[in-house]
Amino acid sequence: MKYKHYDTIIDARTPAEYALDHIPGAVSAPVLNDAERAEVGTLYKQVSPFEAKKLGASLIAKNVSRHIESIFRDRPPAWTPLVYCWRGGKRSGAMAHILREVGWQAETLPGGYRAYRRWVVEQLATLPGELEFIVVHGPTGSGKSRFLAALSRAGARVLDLETLAAHRGSVLGGLPNEQQPTQKWFESLLLAELEKLDRRAPVYVEGESKKIGELQVPEALMARMRASRCIVLQTDLDTRVTLLLDEYRHFLADRAALEAQLDCLTALHGKEKISQWKALAANGEWREFVARLLREHYDPAYQRSSSRNFPELANAPVVRIAGADGFEQAAAELNSVLSTEFSR
């Protein structure tokens, strides 16, 4: 889809539509806000299309005028914006017309957001197949996210799905004070990341399940990952406990939230075991609490899921992590070896 060579991409839809999903990098400049759009729609249905268009034109003129006076006021004469709305019709057309009257070379996106969204779905169905993935595995707490970050600093190509999804992927994986994106916005962000990746080099990605929190990983990407080569992080239990206590420290300060999440596991483990885990947390025995949670819940779940879904895992080489400070060295060594292999 040809939208990247414009100076600015302008989303002329309402703030609610923009929040649901938008082209990454697009500026929100609604020609109608949510209440105004509802008012015009009601007038169209209950009174007449003419009265609705008259009101809509008045509101659009005022809103575009405000945008020109504020967010667009410093744009140079040669500015070339691309404007889109839901279908590429009246809202984007009206804004583009006014901007062209100023002298700017404004254009509209054919088909609007709906065409963009179809393109995203099409690309996510094919683009993963063009990439070579190396899937990073390891039980919960082994530091897979830290390892990916270390690989990125070492110069490797990395796709960090959990950062895009704003979730760590486990029952306790929700991030404090941060909501997950909508499914559509997650997919827009994901496609933008996939497009940046070099097809000539391997891409490291964490072995995920089909869902990260409430978000679904696209099928084509999931299938490609499951058919890819794997590596396994080996981190001792004491280090894993240390890493998890650091990553999930917000639960230490909010035991009610922790207990609510533990209650979600009652069907799997029964009330007695959940009560034992809660008692450890209540007594501040955090290292024992985490160790038991790993041994009794996370590790068995990891073994069942990973071996079933990633057939290449049985032949995966092991990357040993020497304590909480060992990720940088391990990442640099692995990236050096595999970069040499792929450059041959």
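The values are calculated or read from the model by the stated rules, or taken from the named source; none is laboratory data. Fair warning: this is a prediction, and the values are worked out from it, not measured in the lab. Glycine gets a Cβ as well: all are built from the backbone with ideal geometry, and neighbour counts include every protein chain shown. For accessibility, only protein heavy atoms count, side chains too; no ligands or nucleic acids. Shrake-Rupley method; radii C 1.70, N 1.55, O 1.52, S 1.80 Å.
The table for this structure:
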{"quantity": "Selection within the stretch 260-294 - within 28 Å of the chain's Cα centre (by Cα), part of a helix (DSSP H, G or I), surrounded by 13 or more Cβ atoms within 10 Å (Cβ to Cβ) and at pLDDT 90 or above", "calculated": "LEU262, VAL290, LEU293, LEU294"}
{"quantity": "Filtered residues of the stretch 88-97 (kept if open to solvent by less than 10 Å² (accessible area, probe 1.4 Å) and not polar (S, T, N, Q))", "calculated": "MET95, ALA96"}
{"quantity": "Single residue of the stretch 1-23 satisfying the filter (in a loop (DSSP other than H, G, I, E, B) and among the β-branched types (Val, Ile, Thr)) that is farthest from SER188 (Cα to Cα)", "calculated": "THR14"}
{"quantity": "Subset of the stretch 183-202 (residues that are outside any helix (DSSP H, G or I) and either in contact with a Phe, Trp or Tyr (Cβ under 8 Å, 6 or more places away or on another chain) or of a type in the set (A, V, I, L, M, F, W, C) (or both))", "calculated": "LEU197, ARG200, ALA201, PRO202"}
{"quantity": "VAL120 assigned to a strand (DSSP E or B), open to solvent by less than 70 Å² (accessible area, probe 1.4 Å), touching a residue at least 12 places away in the same chain (Cβ under 8 Å) and in contact with a helix residue (DSSP H, G or I) (Cβ under 6 Å, 6 or more places away or on another chain)", "calculated": "no"}
{"quantity": "Contacts under 9 angstrom Cβ, first residue in the stretch 285-300 being in contact (Cβ under 8 Å) with a residue 24 or more places away in the chain, partner open to solvent by less than 50 Å² (accessible area, probe 1.4 Å) and of a type in the set (Lys, Arg), 6 or more apart", "calculated": "VAL290/ARG240; ALA291/ARG240; LEU294/ARG240"}
{"quantity": "Those residues of the stretch 166-189 which are of a type in the set (A, V, I, L, M, F, W, C), modelled with pLDDT of 95 or more and open to solvent by less than 40 Å² (accessible area, probe 1.4 Å), in sequence order", "calculated": "PHE186"}
{"quantity": "Residues of the stretch 77-87 classified as open to solvent by 30 Å² or more (accessible area, probe 1.4 Å) and closer than 17 Å to ILE9 by Cβ, total", "calculated": "4"}
{"quantity": "Any pair with Cβ under 7 angstrom, 6 or more apart, that starts in the stretch 21-43 at a residue that is within 23 Å of LEU82 (Cα to Cα) and ends at one that is polar (S, T, N, Q) and assigned to a loop (DSSP other than H, G, I, E, B)", "calculated": "ASP21/THR182; PRO30/THR14; LEU32/THR14; ASN33/THR14; ASP34/THR14; ARG37/THR14"}
{"quantity": "Any hit, the stretch 203-219, residues being open to solvent by less than 30 Å² (accessible area, probe 1.4 Å), at negative phi and assigned to a helix (DSSP H, G or I)", "calculated": "no"}
{"quantity": "In the stretch 295-329, residue nearest to LEU151 (Cα to Cα) [restricted to those that are of a type in the set (Gly, Ala, Ser) and open to solvent by 50 Å² or more (accessible area, probe 1.4 Å)]", "calculated": "ALA322"}
{"quantity": "Matching option when the condition is of a type in the set (Asp, Glu), in a helix (DSSP H, G or I), modelled with pLDDT of 85 or more and touching a Lys or Arg at 6+ places or on another chain (Cβ under 7 Å), among GLU333, GLU312", "calculated": "GLU312"}
